[in-house]
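Beneath this line is the structure, given in structure tokens, with notes to follow.
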Amino acid sequence: MTNTFTSSPAADVLARLYENAERSHREFSERMDATAPEQRPDVNNSREFFAAAKDLYMAVRPDTSRLLYILTRTSRARAIVEFGTSFGVSTLCLAAGLRDNGGGRVIGSEYEPTKAAAARASLAEAGLGDLVEIRDGDARETLARDLPDQVDILFLDGAKEMYLEIVKLVEPNLSPTALIVVDNSDRSPELLDYLRTSDDYLPTAAADGVTVAVRTV
Ligand SMILES: C[S@@+](CC[C@H](N)C(=O)[O-])C[C@H]1O[C@@H](n2cnc3c(N)ncnc32)[C@H](O)[C@@H]1O
């Protein structure tokens, strides 16, 4: 049996995105090394950092990309919301899962219009453009409207200090057994605390700093 995730053209585009990601991180480090410390973007100020890192992929790790495909397939998801699209690595994995589920929609979100445009082009090249809508601008605004009634997966990978706010925003639209997938979850203790203490979620640690929670309402 073939699947979209490991077949051409999606797998070729994903491999190229990972090559570009590696290069972008190398070039960013070189640029930062050549910049005086006081002129480097403040990593604790996410808006300033992301604005200075327009070329930086910050993509999910390869194991996480597989996990996203697997979770999309096994949950038979049809509607997915993504906080933080960047160049679309995670979006591609989610959309590949939707394709093999028979269709659906990933709603992505990205501050930087150049990144969003590049992601759209890559997803089209991967043959997945029809499954993806990427919303330009601050996700706290773009994800506050026009969401599907039943969101099956919420994937969090934008500014870590906004994770809980985004969960609260999307929560009214989550399906009763929705998954919340959180990259770099250790950087959002308030979200982890919320998921661990709520009767409505069952969270567990997965690979590579990812937490997965199932909704249990
Ligand atoms: C870690 S990267 C996402 C990587 C992407 N998920 C992937 O696997 O390729 C985080 C991205 O989220 C975007 N971002 C952060 N906060 C955001 C917000 N409030 N609204 C929209 N985009 C945001 C940043 O511009 C950055 O491109």
Got a sec to turn the phi values of region 114-119 into Karplus ³J(HN,Hα) couplings, 6.51 cos²θ - 1.76 cosθ + 1.60 with θ = phi - 60°, whole Hz, x for Gly and Pro?
5, 5, 4, 5, 5, 4
For region 109-157, what size does the Cα cloud have along each of its three principal axes, sorted from largest down, in whole Å?
29, 22, 19
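Please work out whether region 42-106 counts as rounded, prolate or oblate from its C-alpha gyration tensor, where a ≥ b ≥ c are the square roots of the eigenvalues and a/c under 1.5 means rounded, while otherwise a/b larger than b/c means prolate and anything else oblate?
Prolate shape, in that a/c is at least 1.5 and a/b is the bigger ratio.
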Taking amide H atoms as placed 1.01 Å from N in the peptide plane, list the residues 5 or more away in sequence, or in a different chain, whose amide H sits under 5 Å from that of Val132.
Val106
Could you give the alpha-carbon Rg of the chain over 2.2 N^0.38 Å, rounded to two decimals?
0.98
Read phi for every residue in region 54-66 and hand back ³J(HN,Hα) as whole Hz from Karplus 6.51 cos²θ - 1.76 cosθ + 1.60, θ = phi - 60°, with x for Gly and Pro.
4, 9, 8, 6, 6, 6, 4, 6, x, 5, 6, 5, 5
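So, counting K/R as plus one and D/E as minus one, what does the shell of residues with Cβ under 14 Å around Tyr18 add up to?
Local net charge: +1.
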Nonlocal amide H pairs with Tyr201, under 5 Å, H built at 1.01 Å
Thr216
Along the principal axes of its C-alpha atoms, what lengths does region 1-61 span, in descending order and rounded to whole Å?
54, 21, 15
Return the distance in nm (one decimal) between the two label points of a simple spin-label model at Arg61 and Met32, each offset 7 Å from Cα along Cα→Cβ.
1.8
Note the full-extension length gain between Thr114 and Glu141 as 0.36 nm times their separation in residues minus their Cα-Cα distance, in nm to one decimal.
7.9 nm
Computed FRET value (nearest 0.05) for Thr6 with Thr74, which takes r as the C-beta separation and R₀ as 22 Å
0.85
Give me the percent of DSSP beta bridges within the chain that run antiparallel, rounded to the nearest 5.
35
Could you sort the peptides 6-12, 95-101, 27-33 by per-residue average Cβ neighbour count (10 Å cutoff), highest mean leading?
95-101, 6-12, 27-33
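We did not get these values from a lab; they are worked out from the coordinates using the rules stated. Since this is a predicted model, take the numbers as computed values, not measurements. Please note: Cβ atoms are built from the backbone with ideal geometry, for glycine as well, and neighbour counts cover all protein chains shown.
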